[in-house]
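The values are calculated or read from the model by the stated rules, or taken from the named source; none is laboratory data. What you see is a predicted model, and the numbers here were worked out from it, not measured in a lab. Neighbour counts are summed over all protein chains in view; Cβ atoms, including those assigned to glycine, are modelled from backbone coordinates with ideal geometry.
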Amino acid sequence: MRVLLLNPPNIEEPHVEAGPLPIGLVSIREFITEQNIEVKILNLFDIHKWSSIEHYLRLKDYSIVGIPCYTRQRLSVFKLATLCKKINNDINVVLGGPHASCLDTQILKNVNSIDYIIRGEGELPFVELIQCLKQNELKKLFRIKNLTFRHKNHIIRNVSRKQIHDLSNFPIFKLSAKELEMFPECESLLIHFKQLNKIKGIAPVLCSRGCSYNCQFCCNGVFWDKQIYYPVEHVIQQIEYFRNKFGIRIFDFYDDNFVFSKKYVKELCNKIIEKKLYINWWCSGRADNLDTEILTLLGKAGCFMVSIGVESGNNQVLKNINKKLTAEEIIRSSKSIRKCKLKLRVTLSIGHPGETPAAINDTIEIIKEIKPDQVGLFLAKIYPCTSLYELAKSKDLIDDNYWFSSTEKTIPFFNDKYSQKEILLFRNKIIDSLSPYITDEYTNKVHSSELNLSW
């Protein structure tokens, strides 16, 4: 039984450049490959015409097609599922990913071309589903945890599986050279390394799954209850694979909060130093997890930039979004990053409940004080399964039907006091005030001469 995994197109946002393969999709491929199941990934992200997509799809030799469903691509995913059935009506269409996990029963009610939805972590239930379909033992469908499917005229939602706590049996990501080429396009520092002729690509490293926090705007809780780390040796093997096979020495640590466990971070950094890997990398962390000791060790292990989620410079807004962080902690952490001679990237999200002109001014002032090398600016959009979504629903601003309307292609944002137009004016004020710092994914104000390369 052959399986085809599709990275769906982004028809809704054709202006968005092609991005990297979803790490979750790669993890699914590597895991089911280990089970001796033939699987292939087909990347459709940057194809913007359905006629071209239909030309690329060759489904007659496949029994199962798996598609990750993210909120911004949901309509493309629904249409892609329908197209798959049009080409091969006997194929089993399986959805996974955050949006499908949040709205599994609603999707099956609204989109007839989708057969199965796997909620949350997908590796184990997907393998069980493949084996069940291969052996034609459909009664076993009811035993697969995290699975939602149709049975006769009913939608069956099986019990949920507990978060996987032991990641030692998961294989490393064996990306191809072509797949690796997709990752640098999203990373703004690439151009500076290219100027030094020191780069052979950028590779992703994943040290953990999940997050132990519960910010109002984030849906991480759909997949994970807390943050679980891969064994240190697993991460070292991943780095060595990319180094030995492709000569890569620049890595993007994909974890939402890499520095959550200082014990783990110390062990990994010391191992990188001990093995003399001579790599450069960047990571993300919370301001309250960073101190001079851990930042110094990060630098010694080759880290050159740390990204922290500031979101707002106003303590009331930070409290409203359950950030469990204060502006004072952000300032203190930023100074520590500077002291340790690391580059600082911050992200802001504008328009949360409680946002006011005064709060916007606080955000502008904190950025001017900490002087980051790079700022990512985002709007506080409403995603399913977040506390922000539930708040918007309670105010009758949105309901689950929104996500199935062909006329509603955007992801909405709202504020409990100001209109979307006013929120956009807030954003423009920040852009005008912080123009030296505001960047997109392809430009930043860090110059190659400032980077301390370790080779």
Subject >> Single unsatisfied condition, Gly19 versus (1) among the small types (Gly, Ala, Ser); (2) at pLDDT 90 or above; (3) surrounded by fewer than 19 Cβ atoms within 10 Å (Cβ to Cβ) >> reply: (2)
Subject >> Subset of segment 49-79 that is assigned to a helix (DSSP H, G or I) and over 21 Å from the mean Cα position of the chain (by Cα) - its residue that is modelled with the highest pLDDT >> reply: Lys79
**OP:** Could you tell me which numbered condition Lys152 fails, if it satisfies all but one of (1) surrounded by fewer than 21 Cβ atoms within 10 Å (Cβ to Cβ); (2) on the phi > 0 side of the Ramachandran plot; (3) at pLDDT 95 or above?
**Re:** (3)
Original post:
Is there a residue in segment 302-314 that is closer than 25 Å to His165 by Cα, touching a strand residue (DSSP E or B) at 6+ places or on another chain (Cβ under 7 Å) and in contact (Cβ under 8 Å) with a residue 40 or more places away in the chain?
Top reply: no
**OP:** Could you please give the count of residues in segment 235-257 that are more than 11 Å from Pro204 (Cα to Cα) and among the β-branched types (Val, Ile, Thr)?
**Re:** 1
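Are any of the residues in segment 78-96 of a type in the set (Ser, Thr, Tyr), touching a residue at least 24 places away in the same chain (Cβ under 8 Å) and farther than 21 Å from Asn158 by Cβ?
yes
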Subject >> Residue among Ile337, Ile360, Ile367 that is more than 26 Å from the chain's Cα centre (by Cα), of a type outside the set (Asp, Glu) and assigned to a helix (DSSP H, G or I) >> reply: Ile360
Original post:
Restricting attention to segment 316-326, does a residue exist that is in contact (Cβ under 8 Å) with a residue 12 or more places away in the chain, over 20 Å from Cys219 (Cα atoms) and not in a helix (DSSP H, G or I)?
Top reply: no
**OP:** From the list Ile411, Ile367, Ile350, pick out the single residue that is over 18 Å from Leu318 (Cα atoms) and in contact (Cβ under 8 Å) with a residue 60 or more places away in the chain.
**Re:** Ile411
Original post:
If we scan segment 393-416, do we find a residue that is out of contact with any Pro (no Cβ under 8 Å at 6 or more places or on another chain), closer than 30 Å to Phe223 by Cα, modelled with pLDDT of 90 or more and of a type in the set (Gly, Ala, Ser)?
Top reply: yes
Original post:
Of everything in segment 250-268 that's more than 16 Å from Thr292 (Cα to Cα) and of a type in the set (A, V, I, L, M), which residue is surrounded by the most Cβ atoms within 10 Å (Cβ to Cβ)?
Top reply: Leu268
Original post:
(1) surrounded by fewer than 22 Cβ atoms within 10 Å (Cβ to Cβ); (2) in contact with a strand residue (DSSP E or B) (Cβ under 7 Å, 6 or more places away or on another chain): which one isn't true of Tyr241, the others all being true?
Top reply: (2)
Original post:
If Leu108 passes every condition in (1) over 21 Å from Asn146 (Cα atoms); (2) touching a residue at least 24 places away in the same chain (Cβ under 8 Å); (3) of a type outside the set (Val, Ile, Thr) but one, which one does it miss?
Top reply: (1)
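Got a sec? Which of Ile382, Ile438, Ile337 is surrounded by 17 or more Cβ atoms within 10 Å (Cβ to Cβ), modelled with pLDDT of 95 or more and under 30 Å from Met182 (Cβ atoms)?
Sole residue among the options that is surrounded by 17 or more Cβ atoms within 10 Å (Cβ to Cβ), modelled with pLDDT of 95 or more and under 30 Å from Met182 (Cβ atoms): Ile337.
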Original post:
Hey, Asn320 hits all of (1) in contact with a helix residue (DSSP H, G or I) (Cβ under 6 Å, 6 or more places away or on another chain); (2) over 30 Å from Arg249 (Cα atoms); (3) among the polar types (S, T, N, Q) but one; which does it fall short on?
Top reply: (1)
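Quick grid of which residues meet (1) under 18 Å from Glu121 (Cα atoms); (2) buried (at least 17 other Cβ atoms within 10 Å of the Cβ); (3) modelled with pLDDT under 85; (4) touching a His at 6+ places or on another chain (Cβ under 9 Å):
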position: Lys178; (1), (2), (3), (4): no, no, yes, no
position: Glu181; (1), (2), (3), (4): no, no, yes, no
position: Ile191; (1), (2), (3), (4): no, no, yes, no
position: Lys194; (1), (2), (3), (4): no, no, yes, no
position: Lys198; (1), (2), (3), (4): no, no, yes, no
position: Ser208; (1), (2), (3), (4): yes, yes, no, no
position: Glu233; (1), (2), (3), (4): no, no, no, no
Subject >> Only listed residue being under 20 Å from the mean Cα position of the chain (by Cα) and among the hydrophobic types (A, V, I, L, M, F, W, C), chosen from Leu388, Leu397, Leu424 >> reply: Leu388
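So that you can scan it fast, the table gives a plain yes or no per residue for (1) modelled with pLDDT under 95; (2) assigned to a loop (DSSP other than H, G, I, E, B); (3) of a type in the set (Asp, Glu):
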residue: Lys263; (1), (2), (3): no, no, no
residue: Ile272; (1), (2), (3): no, no, no
residue: Tyr278; (1), (2), (3): yes, yes, no
residue: Trp282; (1), (2), (3): yes, no, no
residue: Glu293; (1), (2), (3): no, no, yes
residue: Met305; (1), (2), (3): yes, no, no
residue: Gly313; (1), (2), (3): no, yes, no
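Answer with yes or no whether Glu185 is surrounded by 12 or more Cβ atoms within 10 Å (Cβ to Cβ), modelled with pLDDT of 75 or more and part of a helix (DSSP H, G or I). Don't jump to the end; show me each part of the working.
Working: surrounded by 12 or more Cβ atoms within 10 Å (Cβ to Cβ): yes; modelled with pLDDT of 75 or more: no; part of a helix (DSSP H, G or I): yes.
Judged against the criteria, Glu185 is not a match.
Checking the structure you have, find out if any residue of segment 239-262 is of a type in the set (A, V, I, L, M, F, W, C) and within 19 Å of Gly122 (Cα to Cα).
no
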Original post:
Under the condition of being surrounded by 18 or more Cβ atoms within 10 Å (Cβ to Cβ) and of a type in the set (S, T, N, Q), which residue from segment 304-334 is farthest from the chain's Cα centre (by Cα)?
Top reply: Asn314
